[in-house]
Amino acid sequence: MITILSGGTGGRRLFEGFLSVHSPKEINVIANTADDIEIYGLHISPDLDSLLYAAAGIIDDERGWGIKGDTFNFHSMITKIVPTYSWFNIGDKDLAIHIIRTNLLRSGMTLSQVTAFLTNKFNLDCSIVPMSDDRVTTYIFDGVVKRHFQEFWVLYRAEMPIKAVIFDNIEHAKPNEKALDLIISSKLIIIGPSNPITSINPILSLKGFRNLLVDSEGIKVAVSPIIGNAPFSGPAGKLMQSLGLEVSSFGVAQIYKDIINYIIVDENDPNVDRIKELGIEVIRTNIYLKTLEDRQRLARFILEKLYH
Ligand code: FO1
């Protein structure tokens, strides 16, 4: 079994690579759900959506979220009437998923059950597991107000001061049982090249999760989301810098140092010796994940090196 910890972009791209070079039945992903937001009374799970659409081969890879070829008639209509709704774009096909998820949750199903229902409907053999069935919400605090992560990212394009990152309800949320089982039973656990602060840290911060990962017997490897001094997508750089962390593979290795055996960094990464001093083995290779070929190449590379 292979388990990937992931948000909706970098980790998702690697997940796609694995699904296309290895048996999907052996590929599991534990998804961040702290980006989830309620909009128009609908439960939107951006990272679960992206992982689901990617596995089903329907993600809009250019935009990085939503369904390819989707139309936005619903969005145009609703924002014509209430213009303040315009900041968050929900496609017409995408809307169907949010409505189904919301209704099933209201009928009493858990987020894991709903996600399993959806993966079944898309005939997927891999498993996509939300990190928790309980609500955890990421807020960015600018020193005066705290804003939901989606507002911070989509509405403000990360252009606001960051004084603190808050995972609301993290102390009460239980990690998903299936996620814990995967950590115990997987031979290879990959921390995907997702944002360490807002995609991976919520998962690791769930009660008992980090310790279980430390104690698990599988090989644990992180793929750096940073090439040079910049992440390949999203606000990871800005978040790391604001929290006083070095924006480099070394900064990422510091966050995961008690957990991982290996870190995979860019082939020209200059931090190898510094990372080794943290007690982590460093593997250098091409970690660009732009095309499907890139994603397959990195997945094959990881399988050859670390999965026997
Ligand atoms: N990202 C945007 O930049 N703008 C949007 O309007 C937007 C809408 C959206 C709707 C559904 C969904 O599942 C994801 C959506 N995203 C949008 C992506 C999302 O904001 C983030 O990229 C993730 O939360 C980060 O992993």
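A few remarks follow.
- Approximate spin-label separation residue 300-residue 157, in nm, with each point projected 7 Å along Cα-to-Cβ: 3.8
- Shape category assigned to the range 186-308 from the gyration tensor of Cα positions, a/c cut at 1.5: rounded
- Model label sites at residue 261 and residue 56, defined 7 Å from Cα along the beta-carbon direction, differ in position by 3.6 nm.
- Taking the number of Cβ atoms within 10 Å of each Cβ as an exposure proxy, the fewest-first ranking of 240, 109 is 109, 240.
- Least to most buried among 107, 112 (fewest other Cβ within 10 Å first): 107, 112
- Our helix-only sum for the chain, with -39,500 (n - 2.57) per DSSP H run of n ≥ 4 divided by its residues, gives a mean residue ellipticity at 222 nm of -10500 deg cm²/dmol.
- Put simply, when 82-92, 133-143 are sorted by average Cβ atoms within 10 angstrom per residue, most first, you get 133-143, 82-92.
- Note on the chain: Cα Rg divided by 2.2 N^0.38 Å, N the number of residues, gives 0.95.
- Computed E for residue 79/residue 308 - FRET, C-beta separation, R0 45 angstrom, nearest 0.05: 0.30
- Estimated FRET transfer efficiency (residue 92, residue 246; beta-carbon r; R0 35 Å; 0.05): 0.25
- By other beta-carbon atoms within 10 Å, ranking 190, 39, 59 with the fewest at the front produces 39, 59, 190.
- Overall form of the range 46-133 per C-alpha gyration tensor (a/c, 1.5; a/b vs b/c): oblate
Every number here is computed from the coordinates shown, using simple stated rules; none is lab data. From a predicted model like this one, the values you see are computed outputs, not experimental measurements. Don't worry about glycine lacking a Cβ; one is built from the backbone with ideal geometry, like all the others, and counts go over all protein chains shown.
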